[in-house]
Amino acid sequence: MNSEKSIQALVRLIDDPDDSIFEHVRDELIGHGAKAIPFLESSWEEDDYGLLFQSRVEDLIHDIQFQSIKSELKEWIESPHKDLLTGALIVCRYQYPNLDEQVVQNKVQEIRKDIWLEISERQTAYEKVRVFNKIFYGKYHFTGNSKDYHSPLNSFINTVIETRKGNPLSLCLLYSIIAQSLDLPIYGVNLPNHFILTYLDEDNINPIINTENKHGSLFYINAFSKGGIFDESEITQFLKGLNKPESRVYFEPCSNSAIIARMLTNLVASFQQAGSAEKVSELIELRDLFDLKL
C-alpha cells in the first residue's frame with residue numbers, strides 16, 4: 001500500500017516545470033519498475049495535465065518497459081538453459097510490450113500437434129522432414145518474405161506466426177523450435193548473409209554412405225525456401241562465392257544465444273533502414289548484452 005501511495009504521489013509531480021525535480025521523479029518511478037505502469041497509464045487516460053505531462057508519461061512507460069526487457073534478457077543470457085522460444089518472446093516484447101505470449105505458444109503447439117500426428121519412428125529422417133514441410137509450408141503456408149525482406153515484422157516471432165512470412169533466421173527459429181519439441185535433431189547454422197538448419201546425424205548413418213562427413217550432419221535444410229534439403233557441398237560453394245573460409249561454425253549448430261543475438265542484429269539493420277534512430281540505439285544496447293557471453 002505504501003508503495004502504491006508513493007507511486008501516486010510521484011505521478012502527480014511528473015509535469016513539474018523544474019527539470020531537476022522531474023529527473024528525480026523519473027528515476028524514482030523507473031525504480032518502481034513495472035508496478036508503476038498501471039498508475040501511469042491510468043493517469044494518462046483520466047487526468048488532464050496537458051501535453052508535457054502526457055509526453056513524459058509516454059516516455060516513462062517506454063523507459064520502464066525497456067529496462068524490464070533488458071533485465072529479462074540479461075537473466076536469459078545468464079541462465080544455464082536458454083530456451084529459444086523464451087528468448088524470442090523477450091525480443092518480441094521490445095516492440096509489443098503487451099504481447100499475449102500464450103497466443104504464440106498455443107499456435108506453436110497447434111502446428112506441432114499437426115506434424116506429430118503424421119510422423120512416426122518408422123520414417124527416415126528425410127521422410128520426417130518431408131512430412132514436416134508438408135504441414136509447415138503446405139497447411140500453414142509459411143514462406144520467405146522476399147518482397148519485403150528487411151521489414152522488422154520478419155524478425156518478431158509473433159508477427160511471423162500471424163503473417164506466415166519471415167526472414168531466414170525467424171523461419172529457421174520457428175522450424176527448429178517445433179522440430180526439437182518432436183525430438184527431431186534440427187538446429188540452426190549461422191551462415192554469413194544467410195541462416196539455415198542442420199539435421200544432425202545422431203544415429204551415425206552418414207559415415208556408412210559418405211566417408212567425407214566431417215561435421216556430424218545428415219543433411220541441411222533451407223527454411224526460407226520451403227524446407228529444401230541440400231548437403232554441405234552447397235555450403236562450400238556458397239562460402240567460396242563470398243570469399244569466406246570453410247570454418248566449422250558455418251557447418252555446425254550455433255548456440256541459442258547466437259540466434260537471439262543475430263535476431264537483434266537483423267532488427268538493428270531493419271530499423272536503420274526505417275530511420276528509427278532511437279530504436280536502433282536501444283536494440284544495439286540489447287545486442288551488446290551478448291558480447292561477453294558468446
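Within segment 90-113, no residue that is closer than 25 Å to residue 65 by Cα and among the polar types (S, T, N, Q) sits with its Cβ atom under 6 Å from a residue that is at pLDDT below 95 and crowded, with 16+ Cβ neighbours inside 10 Å at 6+ positions apart or across chains. Just one of (1) crowded, with 17+ Cβ neighbours inside 10 Å; (2) touching a residue at least 24 places away in the same chain (Cβ under 8 Å); (3) out of contact with any Phe, Trp or Tyr (no Cβ under 7 Å at 6 or more places or on another chain) fails for residue 144. It is (3).
When you scan segment 49-78, how many residues do you find that are of a type in the set (Phe, Trp, Tyr), in a helix (DSSP H, G or I) and more than 11 Å from residue 289 (Cα to Cα)?
Taking segment 49-78 as the starting set, the residues that turn out to be of a type in the set (Phe, Trp, Tyr) are 49, 53, 66, 76.
Remaining after also requiring in a helix (DSSP H, G or I): 53, 66, 76.
If we keep only those that are more than 11 Å from residue 289 (Cα to Cα) as well, we get 53, 66.
Residues meeting the conditions: 2.
Scan segment 180-202 and give yes if some residue there is assigned to a helix (DSSP H, G or I), within 20 Å of the chain's Cα centre (by Cα) and surrounded by fewer than 19 Cβ atoms within 10 Å (Cβ to Cβ), otherwise no. Yes, because at least one residue in segment 180-202 is assigned to a helix (DSSP H, G or I), within 20 Å of the chain's Cα centre (by Cα) and surrounded by fewer than 19 Cβ atoms within 10 Å (Cβ to Cβ). Counting only residues that are of a type in the set (Phe, Trp, Tyr) and within 20 Å of the chain's Cα centre (by Cα), which one in segment 53-79 is farthest from residue 20 (Cα to Cα)? The selected residue is 76. Selection of first residues in segment 264-286 that are farther than 18 Å from residue 90 by Cβ and of second residues that are outside any helix (DSSP H, G or I) and of a type outside the set (Gly, Ala, Ser), restricted to Cβ pairs under 6 Å at least 6 apart or on distinct chains, gives the following pairs, ordered by first then second residue: 273/150.
Return the residues of segment 101-155 that are assigned to a loop (DSSP other than H, G, I, E, B) and within 25 Å of residue 91 (Cα to Cα); say none if nothing qualifies.
From segment 101-155, those assigned to a loop (DSSP other than H, G, I, E, B) are 117-124, 140-142, 145-151, 155; that's our starting set.
Within segment 101-155, 140, 141, 142, 145, 146, 147, 148, 149, 150, 151, 155 meet the criteria.
The values are calculated or read from the model by the stated rules, or taken from the named source; none is laboratory data. None of the values given here were measured: they were computed from a predicted structure. Positions of Cβ are generated from backbone atoms using ideal geometry, with glycine treated the same way; all protein chains shown enter the neighbour counts.
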